Structures are given as structure tokens and as C-alpha cells.
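Novice: Shown below is the structure under consideration.
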Amino acid sequence: MTVKFFKHFIFTITIFVTISSCAKIGSPTGGPKDYVPPTVIGSSPANYATNFHGKKIEIFFSEFIQLKDISTQFIVSPPMKKKPIVLVRNKSIVITLEEDLKPFSTYRFAFGSAVTDLNEGNALDNFNFVVSTCSVIDSLSLHGQVIDAFDHQPDKDGMYVMLFDKFHDSIPRKQLPVYVAKTSDKGWFSFNNIRADSFLIFAVKDANQNYLFDVPTEQIAFSDTLISIDERYHNQKDSIVLDTIKSDTIKHIRKIPKPQIHLYSFTEGHEKQYLDKYERITPNCFELIFKMPIADSLKLEPINFSAKAWLTADRPIFDDTVKYWITDTALVHTDTLQLRVIYSVTDSLEKIVAKIDTIKLTNKKLPNLKSNKRNDAKAPKTASLKINSTVEGKSVVDLNSQVIIEASSPVAFIDTSKILVFKTDDTDKDRKLKPVKYKLLHDSTFLRKFHIVFPFDANSDYSISIDTASITDIYSEVNDSVGFNFKTQKDDYYGKIKLSITNVKNPTIIQLLADKDVIVNQNIITKDEIVIFDFINPAKYSIKAIYDINNNKEWDTGNFGKKLQPEKVLYYNKILPVRANWELEENWKLE
């Protein structure tokens, strides 16, 4: 090996080792994840500074930061007509004021959880910056919660809660509040650094974020009485509790002060009634869909035809959807029907007035319907009327349920001799069928439904036979033969709740609720009594009470202008686990 070759070899090895070492130096080594939010290391002016009259505030942090959802998180209290400009400058936040601060006022710049670090997104929760334009920092506070008046759930997106030092009814609609705060996803709110005074408190969903109740359909809440803030309302500063979950994880928990006021939110019900949609579903049936349930009479007037008793409603008119059946076969074959729809609405002065809409119902498909005269012997009867039942497809039926049959069109006649009910005789080795006496009752709220009423025996097999042409509709159409088989539930399957309710001062609706507030059953009481819920499927239930002040058998909303709160709703303070063949006894003293 020559000296020249040896030197070249040594040089190549040196270069390779150097490059490899550099690569090793640059490789990541990992490490614990950063869970620590940014910290404030200084500001100009200082936090809680007095006699501040500047136009710019700069807050310095320990690391690079970013702002998330600043438009919804950032709140200035007292609010300003021109919102400040908030920008990030490396490791600082710069707040530029677009108008002068009011004299003798303490301002609170609340960032919520908008301030996060740049890399991990750790939020500096509940960060506030406070300055005063005089020599004193206001030090009083007010804490509370806003929940929905009907279901007691908070608004997850938050509502604005406002304090006004003027008290006439138009104030929340026309004037900015003195102080403003926003509720958390649990409904909690806090006013800190406020002065001693009496205030009207008002909350609003405020989708346009102008701090005004200027949209009638916005969700609101208010207190019946003024809130007098004095030295009893000392400033309970928000505290942070550090909870070590793991050695490398720190969870920041905000300690919520005890609420001093509860507000119950609602929507006033100023939605405008109107005919939202209409459709001729079939040649002999059309549907009107309104924005809200019909509160008063509904009238239809023909325009391009003249007829009497030419239609029938599918059910009594009280819903937002009304279905009509055309009984005059000549009109069924008419291509277009023009009508005036006359219904009641509330005008801007809250007076009931009549509204008229003109509609055109176009025939999509002409049928071959028979005459609607039952005595027309020439009209052959065809088995085209469909019959369904509530027990159809169910292997087991609850003991407290009902057998309901429903026709596909309005019924003109039923031959009960062709409808038979049987029970299987389990005592007989051949399991013979025993006939069961029943009553056939017309449903009072749905003209195409009928109840087949007979007492259920537990754990028994039943069959219902509906023979051909048992039911005839208004078009002389008849049904084909159909049958339904079902078994009833065992009597020891159910649980029972016996609820003793006291301190009843007005009509009260007591509701048994399943998951997601589904109403299982309800009773209306007017005095102290024991309410019994039986035949309950094993599950977990809650109990709800609605103070039905006007005795209309439903919950009513409130009205700010009339100083009317929504009807009060209470929830029993326990979830009740109901087990099979078990009875729960509970006592509830209403507030």
C-alpha cells in the first residue's frame, strides 16, 4: 500500500465519521409532553394598574403564543362601542383601544381560554387583565348560573349576562350594559371588579354579539328583582387548583365560587306563524305544514271551483301539520285546485289577526277511484285499503299498552262481526283459541285510528283477525284480510314507583322521564297526593314537575316585556333505578 493511497483512505474515513456524528447530533431525543400553559412575565401597564388613560396595553408571556376563537372568547367589561383590536406579537399580546375609557371605571379584559402556547395548544384558562381609570380598583363580584328553564341544561356555546344601572323595560333592547360576562359550557358566569350599585341583570344568547336584545327569537333570562351589590359581594378571585394526574401531566381545575343567583333561560315565543309548505301528496290527499301549531281556527275557501262538504281533515286541527282528504271524486280528478288558506297570526302589536295565503294544488297522478257514495251498487269493491296495527311485528306487548289499528284513508264503515280476537288457552293440551270480547273505539285525535279494547292477561298469546271487507273507506275501498299475533309481557317483569308529593300549591304536571327526557307517563295533581307509576320497564328514570300556573296542561314560556317568568320546572334530586318485580317508594316536597 503506497503512502498516497493510505492518506486518501484515512481522509475518506474521517469525512464519513464526521458526517455520521453530525447526523446523530441532529436526531430528536424525545421527552415528556408539555402540558404547562403560557405564563405572564410582565405587562405595560401592570395588571391591576390604576389611573390608566392610555390607548395600548401589551402583555408579555414566557413563550410564543397564539389566540384561538378570540372573537367569541374575548370580552371587555364594561363593553365598548368600538371593540379593541387584539393582536399577537411574538411572545406578547397587544390590545389597541379604539375609544377612550370612561372615567372612574374599572375595566376587565377577559380572554377566556383564547391564549394558548404556539406548539402544544395549552390554554391559559380564565386569563383576565384589569386596569382602572381612577385611583381605586372596584373589588366587588357576582357569581351565578344560567340554565334552560324547561330542561335545566346550560347553553354549551354560552350566553352573555349583562348588568344595567337603568331599569326600564327597553334598556336591554337599546343600551349597552354597564358590565358583561359570558357563561361557561356549564352555565356559570362571574362578574368581578364591579362597583357597589343596584343592577338589572339580563342574559341573552346574542348571536350577533352586539350586547342587545334586538332579535325577538333570541334566548333570554332575567331576574324579577334588582340586584343590590354591596360589601357582602366581596371579590372572590378565581382560584386554580393543581391536580397532578401523572408525573408529566398537570391538570388545571377552576374552582367555581358558590352561585349567588340562578337565572332560567327561555325563548319568548315570538316566532311568526306562516304556511311553510303545502303539497298534494296524492290526487285525493293534500297536506299543509305551518311554522307553528295552529292556535285557532283554520279555514279553506275554494277559488276555481264550487263545492260543499268536499273534504275532511285527517285529525282535529291543533298541530303544525294538517292533512286533508278530498271526498268529492270530481275534484279528485281535477288537475289543479286553487284555495285560500285563512288562519290566525299575531301582528306586531300582539293582536290576533287573520292571514290569507293563496295556494295551487296540482294533481300529480290521476287515480281510478270509485264513487264515494256507499249505496252505489255499480262500484265494485276492491281490497286496496291498507290496515296496520301497533302490535304488528312485536313479539311481546306491554300489559299497559293498547291495540290500535290504522287505515290508510278515512274510514266510512266498520263491520265488527268480521273482526275477531282470540286468546290461546294454555290449560288445554291442544292450545285451543278462545274468543275474547272487545270494544272498538274511534280515536278522538286521529280519524283513521281505532282502538280494539279488551283486558290483557299476563304472559298470554293473542291473535286478531280482520276479514276481507271488514273496513270500508270514504271512497268505497275495502281491506284485504289481515291478522296480528302477539304475546303479552309477564306481570313480574315490571317495576313500580310510588311517589308521595307534598307542598303542592297549584296545578302541577308530574312526569316520569326515561333517557333523553322521553316522557314515559305523566299525572296532573292539584293537591298533596301519592302518584303511582306502574307497569314500568326495568331502567333508570327521572321525575320532573311543571308548575302549570294557568292550568292549560302544558309548560308555558315567559315574556320580558310583561315581566312574566316561564312556568317553573323542578327535577327530583335522584335518578330512580327501577327493577323487575320491585316497588320504589319516594317522598318529594316541592319548593
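The values are calculated or read from the model by the stated rules, or taken from the named source; none is laboratory data. Every value quoted in this text rests on a predicted model; they were computed, and no experiment measured them. A quick note on method: Cβ atoms are made from the backbone with ideal geometry, for glycine too, and the neighbour counts reach across all protein chains shown.
Novice: Within segment 280-291, work out how many residues are surrounded by fewer than 14 Cβ atoms within 10 Å (Cβ to Cβ) and either part of a loop (DSSP other than H, G, I, E, B) or at pLDDT 95 or above (or both).
Specialist: 1
Novice: A further question on this structure: Residues of segment 335-359 being among the small types (G, A, S) and in a strand (DSSP E or B), which ones?
Specialist: To start, the set of residues in segment 335-359 that are among the small types (G, A, S) comprises 344, 348, 354.
Listed by number, the residues that qualify are S344, A354.
Novice: Here's a follow-up. Would you pick out the residues in segment 498-521 that are touching a residue at least 24 places away in the same chain (Cβ under 8 Å), crowded, with 17+ Cβ neighbours inside 10 Å and within 26 Å of the chain's Cα centre (by Cα)?
Specialist: P507, T508, I509, I510, Q511, L512, L513
Novice: Is there any pair linking a residue in segment 142-156 that is in contact (Cβ under 8 Å) with a residue 24 or more places away in the chain to one that is exposed (fewer than 14 other Cβ atoms within 10 Å of the Cβ) and in a strand (DSSP E or B), with Cβ under 6 Å and at least six apart or on different chains, and which?
Specialist: Q145/H262
Novice: Then there's this: Taking only pairs six or more apart or across chains, which ones have beta-carbon atoms under 8 Å, a first residue in segment 164-184 that is over 16 Å from L140 (Cα atoms) and without any contact (Cβ under 8 Å) to a residue 40 or more places away in the chain, and a second residue that is loosely packed, with under 15 Cβ neighbours inside 10 Å and not polar (S, T, N, Q)?
Specialist: Cβ pairs passing all conditions: Q175/K166.
Novice: Among the residues of segment 430-440, is any within 23 Å of D534 (Cβ to Cβ), touching a residue at least 40 places away in the same chain (Cβ under 8 Å) and not assigned by TED's automatic domain parsing to the domain that holds T321?
Specialist: No, that holds for no residue.
Novice: Within segment 540-587, work out how many residues are more than 21 Å from Q153 (Cβ to Cβ) and in a strand (DSSP E or B).
Specialist: 9
Novice: Looking at I256, is it over 30 Å from T217 (Cβ atoms), surrounded by 15 or more Cβ atoms within 10 Å (Cβ to Cβ) and modelled with pLDDT under 95?
Specialist: Answer is yes for this residue.
Novice: Looking only at residues in segment 522-568 that are touching a Pro at 6+ places or on another chain (Cβ under 9 Å) and among the hydroxyl-bearing types (S, T, Y), which one is surrounded by the most Cβ atoms within 10 Å (Cβ to Cβ)?
Specialist: Y541
Novice: Got at least one residue in segment 464-482 being modelled with pLDDT under 95, of a type outside the set (V, I, T) and in a strand (DSSP E or B)?
Specialist: Yes - at least one qualifying residue is present in segment 464-482.
Novice: Being polar (S, T, N, Q) and loosely packed, with under 14 Cβ neighbours inside 10 Å is true for just one of S135, S139. Which residue is that? Spell out how you get there, then give the answer.
Specialist: Numbers: S139 fails: loosely packed, with under 14 Cβ neighbours inside 10 Å.
Checking each option against the conditions leaves just S135.
Novice: Collect the residues in segment 200-225 that are in contact with a helix residue (DSSP H, G or I) (Cβ under 7 Å, 6 or more places away or on another chain) and in a loop (DSSP other than H, G, I, E, B), keeping them in residue-number order.
Specialist: Residues satisfying the conditions are L212, F213, D214.
Novice: Also, quick follow-up: Which residue pairs have Cβ atoms closer than 6 Å, lie 6 or more positions apart in sequence or on different chains, and pair a first residue in segment 344-364 that is over 17 Å from E287 (Cα atoms) with a second residue that is in a strand (DSSP E or B) and small (G, A, S)?
Specialist: Final answer for the pair search is I352/S344.
Novice: Okay, next question. Grab the strands (runs of 3 or more DSSP E) fully contained in segment 128-199, keeping just those with 3 or more residues being within 24 Å of G269 (Cβ to Cβ).
Specialist: 140-148, 160-164
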